[in-house]
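Here the structure comes first, spelled out in structure tokens, and everything after it is commentary.
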Amino acid sequence: MRFRAPGLPSLARALGVAAALVALLALTPAPNARAQVAAHPFGDPQTVEIGRSGETVQVVWRVGMADDLTLLGIALGVLPEDRVMLDGAITYEDGDAVAVTESEELAGYLLERIAVTAGGTSCPGEAVAVGDLIADGATLQFDCAPTSASMSEDVEVEVTTLLDLHEAYRTLATGPDGQRAVYGSDTTTHLWQLSDGSAVLATAGDAGGASGAPTSSSADGAGSADGPDGAGLGRSAVLQIGAVLGVLTLILVGALGLRRHRTTSLPPLKENQS
């Protein structure tokens, strides 16, 4: 009678099924990309710079980090949700900056999330310049002329950008004469004393080429091989699958080696003779 390690065929079948499931999961996007944002509000914060010229209040908004920009693009529907992997990792690509900067949705989002009130009246705003959203930012201008004949220096500014993605996001704000404030989910509004001339108003041609993101990024735009069409995501998925399959192969080879060792090392059992 020979000793035979039990269950090895079943182990091989189980490993094969596990490999197939891992491959399927690696190619499956997160069921809700926005729910994966929790790990990302704790890097460099977004910023706003506030000033005034005449009856116009100017706010320059800058995003904190590149993956925040990608998440914003996903929220705006500019980038696909499968850019957020199951473990919450963000697949950032060079074309993301161009896609978000040139989108029509960006201006609407910022004007919905940044508001200015003077004399108890809301000031209508517009996005006048958009450049590199990390370095140059997006410039919004709010016309407070209808609020009163002589505009007060006290202006209320509300900022809730990215709080729709996660409540932990913070915004560091600066104003004239060393004024500073922090915006967050617990404090979305601050009162600012804005003296006339505390801002140099931007025009449609400012912000480092307001028509788009930096030249270095536009060369790798959304239409490139590594753009948001998913080529980078495909390579990432292949690498993940290859790594998992490699581990599973090592486990299977080790199990088979153990089987051979145990089979050859044990002496055959003698049969009882009656």
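The values are calculated or read from the model by the stated rules, or taken from the named source; none is laboratory data. Values in this document were obtained by computation on a predicted structure and should not be read as measured data. Please note: Cβ atoms are built from the backbone with ideal geometry, for glycine as well, and neighbour counts cover all protein chains shown.
Residues checked against (1) under 22 Å from the mean Cα position of the chain (by Cα); (2) charged (D, E, K, R); (3) in the same structural domain as Leu76 (by TED's automatic domain parsing):
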{"site": "Glu112", "(1), (2), (3)": "yes, yes, yes"}
{"site": "Val130", "(1), (2), (3)": "yes, no, yes"}
{"site": "Thr139", "(1), (2), (3)": "yes, no, yes"}
{"site": "Asp143", "(1), (2), (3)": "no, yes, yes"}
{"site": "Val157", "(1), (2), (3)": "no, no, yes"}
{"site": "Leu163", "(1), (2), (3)": "yes, no, yes"}
{"site": "Thr171", "(1), (2), (3)": "yes, no, yes"}
{"site": "Arg180", "(1), (2), (3)": "no, yes, yes"}
{"site": "Thr187", "(1), (2), (3)": "no, no, yes"}
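Within region 116-138, identify whether any single residue is within 13 Å of Trp61 (Cβ to Cβ), in a helix (DSSP H, G or I) and either touching a Gly at 6+ places or on another chain (Cβ under 9 Å) or not β-branched (Val, Ile, Thr) (or both), and answer yes or no. Scanning region 116-138 turns up no residue that is within 13 Å of Trp61 (Cβ to Cβ), in a helix (DSSP H, G or I) and either touching a Gly at 6+ places or on another chain (Cβ under 9 Å) or not β-branched (Val, Ile, Thr) (or both).
Only residues that are in a loop (DSSP other than H, G, I, E, B) and closer than 17 Å to Thr139 by Cα were counted across region 73-114, and they come to 2. Looking for something touching a strand residue (DSSP E or B) at 6+ places or on another chain (Cβ under 7 Å), aliphatic (A, V, I, L, M) and over 30 Å from Ser198 (Cβ atoms) - is there at least one such residue anywhere in region 82-105? Checked region 82-105: at least one residue is touching a strand residue (DSSP E or B) at 6+ places or on another chain (Cβ under 7 Å), aliphatic (A, V, I, L, M) and over 30 Å from Ser198 (Cβ atoms). Among the residues of region 68-83, is there at least one that is out of contact with any helix residue (DSSP H, G or I) (no Cβ under 8 Å at 6 or more places or on another chain) and more than 16 Å from Glu156 (Cα to Cα)? Yes: one or more hits. Going through (1) farther than 14 Å from Glu49 by Cα; (2) in contact (Cβ under 8 Å) with a residue 40 or more places away in the chain; (3) not in a loop (DSSP other than H, G, I, E, B) one by one, Trp192 falls short only on (1).
Scanning region 43-72 for residues that are under 14 Å from Leu165 (Cα atoms) and assigned to a helix (DSSP H, G or I) gives Asp67, Asp68, Leu69, Thr70, Leu71, Leu72. Filter region 79-108 for residues that are surrounded by 20 or more Cβ atoms within 10 Å (Cβ to Cβ) and more than 12 Å from the chain's Cα centre (by Cα); which is modelled with the lowest pLDDT? Looking at the filtered set, the residue picked out is Asp94.
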